[in-house]
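Written below as structure tokens is the structure these notes are about.
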Amino acid sequence: MDPNELKAIIALLDDPDKEVVNMISDTLLKRGIEAVPELEKAWENTLDENLQDKLENIIQKIQFTTARENIIRWINTGAEYILEGAFFLAQYQYPDISLEKINQEIETIRKDIWLEINNNLTALEKIRILNYIIFDLHHYTRNASDFYAPQNCYLNKVIETKKGNPISLAIIYLSVAYKLGLPVYGVNLPKNFILAYKNEYRLHDAENEEEDILFYINPYNKGAVLGRREIDYFITQQQLKPQKTFYVPCSNRDIIIRLINNLVLSYEKLGAMEKITGLKELLTVVSE
């Protein structure tokens, strides 16, 4: 839609007739995410609190509807690429972000690794190269000083700052591994989030999935390689009851569920309860 036409439609939100306002709101909601920048400009350019409330309400509805529809589409098409699921969640908070730009960052990292990697290397040697490129060359690191900050969960902010939490750093790592065709998968370990490198020749042995894993990777500690014994020790240390899910790969949907739960916890700690309602609704969508 032409920006001037969009501005003219937004101006009608100030109409005293409620039916007109409802009709205009519906029109803007149908325009979706493309209407958000102009709606935000209108909010900045008015001192009318009533109009600001109307604008905020429409923006929030658009962002939620867009995120929900994109996440549902991602799930229905197989939820294969974790980066897309994380992007659609980030877009809920940052509607102007570009999937193309985020993919470019992943592609840059992939190319740097591709120049160093070959099929003659062992799985461990390949992971050492990934670790060097991601953590030393591209400087991704953990945000230990502000662990519960919401930006640690938003993909665009993690790429911008190069800092994240266990789950977001794992998503960056998984996205690169996926592009390289490496058998690396997320593992839903409580109080951390790790990755598993599976035996490429036993990927279909579901009954003995734990035996298929060659080793584990901890992206929150620069890709440190772990064995089963280290996971056992961590579980004991955290006073957790061992479960199979702590050792075997989880689905990409499970990863997004974990990411949303982390965001909810972050906003709870900040007291930003208005942010939580939409996230819990998205959580229901992903969990269904």
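Structure above, values below:
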{"quantity": "Cα centre as origin, Lys/Arg/Asp/Glu Cβ charges: the range 3-76 dipole, Debye", "calculated": "460"}
{"quantity": "12 Å beta-carbon shell around residue 21, net charge (K/R +1, D/E -1)", "calculated": "-4"}
{"quantity": "Relative contact order for the chain, counting Cα pairs under 8 Å that sit 6 or more residues apart, in percent", "calculated": "14"}
{"quantity": "Counted charge near residue 169, where neighbours are those whose Cβ lies closer than 11 Å (Asp, Glu -1; Lys, Arg +1)", "calculated": "+4"}
{"quantity": "Cross-link pairs 7/41; 101/222; 41/162; 179/280 - those with Cα-Cα distance over 20 Å", "calculated": "101/222; 41/162; 179/280"}
{"quantity": "Segments 153-160, 55-62, 170-177 sorted - mean Cβ within 10 Å per residue, highest first", "calculated": "170-177, 153-160, 55-62"}
{"quantity": "For the range 82-252, with +1 on Lys and Arg beta carbons and -1 on Asp and Glu, the positive-most of 248, 171, 143 along the dipole", "calculated": "143"}
{"quantity": "Residues with amide H under 5 Å from that of residue 213, placed H, sequence gap 5 or more", "calculated": "199"}
{"quantity": "Inverse of mean 1/r across different Cα pairs in the range 82-252, Kirkwood, Å", "calculated": "16.5"}
{"quantity": "³J(HN,Hα), Karplus 6.51/-1.76/1.60, whole Hz, each residue of the range 253-269, x for Gly, Pro", "calculated": "4, 4, 5, 5, 4, 4, 5, 5, 4, 4, 5, 4, 4, 4, 6, 4, 5"}
{"quantity": "Positive-end residue of 8, 21, 74, charge dipole of the range 3-76 with Cβ unit charges", "calculated": "74"}
{"quantity": "Given charges at beta-carbon only (K, R positive; D, E negative), |dipole| of the chain in Debye", "calculated": "1200"}
{"quantity": "Reduced Cα scattering model of the chain, Debye log10 I(q)/I(0), q = 0.13 Å⁻¹", "calculated": "-0.92"}
{"quantity": "Amide H contacts under 5 Å for residue 224, placed H, 5+ residues apart", "calculated": "218"}
{"quantity": "Relative exposure of 142, 228, judged by other C-beta atoms within 10 Å (fewest first)", "calculated": "228, 142"}
{"quantity": "Principal-axis tilt of helix 276-287 within the chain, Cα atoms, nearest 10 degrees", "calculated": "50"}
{"quantity": "Acute angle (nearest 10 degrees) that the helix 82-93 long axis makes with the longest principal axis of the chain, alpha-carbon atoms", "calculated": "30"}
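Read the figures in this text as sums done on the coordinates, not as results from a lab. Just so you know, these numbers come straight off a predicted model, no measurement behind them. Glycine also receives a Cβ, built like all others from the backbone with ideal geometry; neighbour counts cover every protein chain displayed.
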